[in-house]
1. Touching a helix residue (DSSP H, G or I) at 6+ places or on another chain (Cβ under 8 Å), in a helix (DSSP H, G or I), modelled with pLDDT under 90 and hydroxyl-bearing (Ser, Thr, Tyr), is that true of Tyr202?
2. Tell me, which residue of the range 222-263 that is surrounded by fewer than 17 Cβ atoms within 10 Å (Cβ to Cβ) and not in a helix (DSSP H, G or I) is modelled with the lowest pLDDT?
3. Considering only residues that are part of a helix (DSSP H, G or I) and under 14 Å from Val153 (Cβ atoms), which ones fall in the range 173-189?
4. All but one of (1) in contact (Cβ under 8 Å) with a residue 24 or more places away in the chain; (2) farther than 23 Å from Ser160 by Cβ hold for Ser201, so report the exception by its number.
5. Only one residue in Lys192, Lys277 is touching a Phe, Trp or Tyr at 6+ places or on another chain (Cβ under 8 Å), over 20 Å from Phe157 (Cβ atoms) and surrounded by fewer than 13 Cβ atoms within 10 Å (Cβ to Cβ). Which one?
6. Identify the single condition in (1) of a type outside the set (A, V, I, L, M); (2) surrounded by 13 or more Cβ atoms within 10 Å (Cβ to Cβ); (3) more than 14 Å from Lys150 (Cβ to Cβ); (4) free of Cβ contacts under 8 Å to residues at least 24 places away in the same chain that Glu168 does not satisfy, given that it satisfies every other one.
7. Search the range 19-34 for residues being small (Gly, Ala, Ser) and in contact (Cβ under 8 Å) with a residue 24 or more places away in the chain, and hand back the single one that is surrounded by the fewest Cβ atoms within 10 Å (Cβ to Cβ).
Amino acid sequence: MKQFEAKTLEEAYELASADFSCSITSLNIKIIQQHSRGFLGFGRKNAIILASLKEDLKPSKDDKPYTKKKNFKKKIVIEDVATTIANANTNSTKDESKPKQDIKNSFDNDPRINEKEKIFDSFYNKDEKKPIYEKAIIKQDSNKIVEQVKQKVNELFSYSCYDIDEIEVKMYDEQTIFVGFTGVDSALLIGKEGYRYKALSYILFNWINTKYNLMLRLEVAQFLENQEEAINNYLEPVIEKIKETGSYKTKALDGILVHIALTRLRDQFPDKYVAVKTNIRGDKYILVNEYKKQ
């Protein structure tokens, strides 16, 4: 038996089929390892199989090697095409001779179409008043939300290959929920330049914000705390510069740093225009300026 390895079982089957020059049904296949996508790029496994040709299908010395049958297109005769086109033109001429008014009347008299037109027209009737619906946000009990999020997040990471402690979940403030990761492998969830932290933050935020209408504060091995300390050290001279000149444009900031800096500057200058901007390269920065006077 030969061993084949690929990202998925389907690809491994195709490799075996191509190697033996036969269909998959003609092979004896034994699965050694199922493929696994892992979690956030970790724990990924390829599919491994052992394959051999079935005993009754093994070729003898006199047999020719297996080849796929080619599908030959039917030869097109120009005379047949010309005849088909001529017949089509004749039929279309006969159809044009029928009165079009009869066809139109048949549609006009159809009650189903008339009813649909009335419904369609009602959407564009300027005289009708359109009801206004307001989105109602029902706030759930914070303790129940914390318990639900804690249960789901811990259940999710119980299937991962990381050695982490029980995930901490609590209310950070009325509008924000805190999720904290600690443990031996917790720092691995940050990734190079924080790319895993950003991915995890994006997944959790979209779930929590959509279901509970809450913001997220994600802490992984004190990564957020260290980022806040670094950006605050950068903003100290920036704040002094803004007090002197009245305006400032920060350097390009990445990921969570943008949110941290934006919050700090808006708290420091509530009477100024503080907003996130994007340059032509796609980098984000914060612009602080005076409000334009009317």
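1. Working: touching a helix residue (DSSP H, G or I) at 6+ places or on another chain (Cβ under 8 Å): no; in a helix (DSSP H, G or I): yes; modelled with pLDDT under 90: yes; hydroxyl-bearing (Ser, Thr, Tyr): yes.
No; evaluated as a whole, the condition is false for this residue.
2. Here the residue is Gly255.
3. Answer for the range 173-189, where residues must be part of a helix (DSSP H, G or I) and under 14 Å from Val153 (Cβ atoms): Ser186, Leu189.
4. For Ser201, the exception is condition (2).
5. On the way: Lys192 fails: touching a Phe, Trp or Tyr at 6+ places or on another chain (Cβ under 8 Å).
So the residue among Lys192, Lys277 that is touching a Phe, Trp or Tyr at 6+ places or on another chain (Cβ under 8 Å), over 20 Å from Phe157 (Cβ atoms) and surrounded by fewer than 13 Cβ atoms within 10 Å (Cβ to Cβ) is Lys277.
6. (3)
7. Just the residues of the range 19-34 that are small (Gly, Ala, Ser), to begin with: 21, 23, 26.
Now restrict to residues that are in contact (Cβ under 8 Å) with a residue 24 or more places away in the chain: 21, 26.
On the way: Ser21: 13, Ser26: 15.
Going through the qualifying residues, I end up with Ser21.
The values are calculated or read from the model by the stated rules, or taken from the named source; none is laboratory data. Keep in mind it's a predicted model, so treat the numbers as computed, not measured. Glycine also receives a Cβ, built like all others from the backbone with ideal geometry; neighbour counts cover every protein chain displayed.
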